[in-house]
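Beneath this line is the structure, given in structure tokens, with notes to follow.
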Amino acid sequence: MEKLFSPALALHLGCGFMAMTVGLVPIFSRKGSRLHRLSGRVFVSLMSAMLVAAWVMTVLRFSTYFAALSATATITLFSGLRVLGRKRPDLIDRRQRAKLADWLAAAIVMAIGAWVLVLLAAGRSTSPPGATIALAWAALFYGGWDLWRFTRPLDWPFSPRLWTYEHLVKMLSAYGALVSAFSGNFLTFLPKPWSQLWPTLLFQPLAVIWIVLLAQRHAKASSAA
């Protein structure tokens, strides 16, 4: 099994570098355009291959930090893509509701986040605690949010445009997790844990600001209609 580590690492690094470049295209291209959709599909494909390799490496050489990072990146990428297929749970269309895979992904990621926190509390981790704790709580938050939305899809803060905001936040978070892994491994001149945390401190506020601007634009469009 250990022989799988080197090819998994090569796949992880190769797809990661390409995804970090390609991922900029859907961020800056016009939303809904052909370029946005095409580059988004390429980004998801590269990230998926990278995450498969990441989980193989995590199993072979376990690290609480990489387990939490892989869990957070997995749920944000998976759920950020899946939300495009369940945009309107208020409609009488079961295809707009969460499927078994959605429930399982959220539950498994929450279990991994909780397990990482238990290992940290028990002193059974050699990973940097600050970044690992932040990632473990992020996994719990995203998994918990999804389970709440699946259980009560029409409760607060539901709106017909909620899927837009979810897709934006989750895909930016997936890209942020990618940049976090790159920074933590290659930008070694930055002090830890900031070398691993600065992408979160950048992309999360950016996502909030973006949502506020979108919500204002949608409100103006509705009032003008």
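Read-outs throughout are calculated quantities, based only on the coordinates presented, and are distinct from any laboratory measurement. These numbers come from a predicted model, not from an experiment. Here Cβ is always computed from backbone atoms with ideal geometry, including for glycine, and neighbour counts include all displayed protein chains.
Scan the chain and report its longest stretch carrying no chymotrypsin sites (Phe, Trp or Tyr not before Pro) that are both in a DSSP loop and have at most 12 other Cβ atoms within 10 Å.
On the way: sites that count: 62, 189.
Between the exposed loop sites, the longest stretch runs 63-188.
Nothing charged except the Cβ atoms of Lys and Arg (+1) and of Asp and Glu (-1): what's the magnitude of the dipole of the range 62-224 about its Cα centre? Round to the nearest 20 debye.
Values: 16 positive and 6 negative charges, 89 e Å.
Here the size comes out at about 420 debye.
Can you tell which of 49, 138, 174 shows the greatest fluctuation in a Gaussian network model of the chain with Cα springs below 10 Å?
Answer for the Gaussian network model of the chain: 49.
Tell me, what HN-Hα J-couplings in whole Hz come from the Karplus equation 6.51 cos²θ - 1.76 cosθ + 1.60 at θ = phi - 60° for each residue of the range 183-189, using x for Gly and Pro?
5, x, 9, 10, 8, 6, 6
What's the longest bit of the chain with no exposed trypsin sites (Lys or Arg not before Pro), using DSSP loop states and at most 16 other Cβ atoms within 10 Å as the test? Could the numbers behind the result be given before it?
Numbers: sites that count: 30, 31, 61, 87, 97, 99, 124, 161.
Answer - 162-225.
Taking θ as phi - 60°, what are the ³J(HN,Hα) couplings along the range 119-128 by the Karplus curve (6.51, -1.76, 1.60), each to the nearest whole Hz, with x for Gly and Pro?
For the range 119-128, the Karplus-derived couplings read 4, 5, 5, 7, x, 9, 9, 9, 6, x Hz, x marking Gly and Pro.
Please give me the summed charge of the neighbours of residue 67: other residues whose Cβ is under 13 Å from its Cβ, Lys and Arg +1, Asp and Glu -1.
Taking every other residue near residue 67 into account, the sum is +2.
Could you tell me the distance between the Cα centroids of the range 148-225 and the range 62-128, to the nearest Å?
15
Can you work out ³J(HN,Hα) from phi for every residue in the range 72-86, in order, using Karplus 6.51 cos²θ - 1.76 cosθ + 1.60 and θ = phi - 60°, giving whole Hz and x for Gly and Pro?
5, 5, 5, 5, 5, 5, 4, 6, x, 7, 5, 5, 5, x, 9
How large is the direction-averaged shadow of the alpha-carbon convex hull of the chain, in nm²?
Result: 13.7 nm².
How big is D, in µm² s⁻¹, for the range 98-225 by Stokes-Einstein at 4 °C and 1.567 mPa s if Rh is the Kirkwood radius over C-alpha pairs?
The diffusion coefficient I find is 78 µm²/s.
Would you mind checking the pairs 99/170; 170/192; 99/192; 170/220; 99/220; 31/220 and listing those with alpha carbons more than 29 angstrom apart?
99/192; 99/220
Could you compute the net charge surrounding residue 104? Neighbours are other residues with a C-beta less than 13 Å from the C-beta of residue 104; K and R count +1, D and E count -1.
So the environment of residue 104 carries a net charge of 0.
Could you tally the net charge around residue 132, taking each other residue with its Cβ under 14 Å from the Cβ of residue 132, Lys/Arg +1 and Asp/Glu -1?
Value of the local net charge: +2.
Let a ≥ b ≥ c be the square roots of the eigenvalues of the Cα gyration tensor of the range 169-224; is it rounded (a/c under 1.5), or, if not, prolate (a/b larger than b/c) or oblate?
Judged from the Cα gyration tensor, the range 169-224 comes out prolate (a/c at least 1.5, a/b above b/c).
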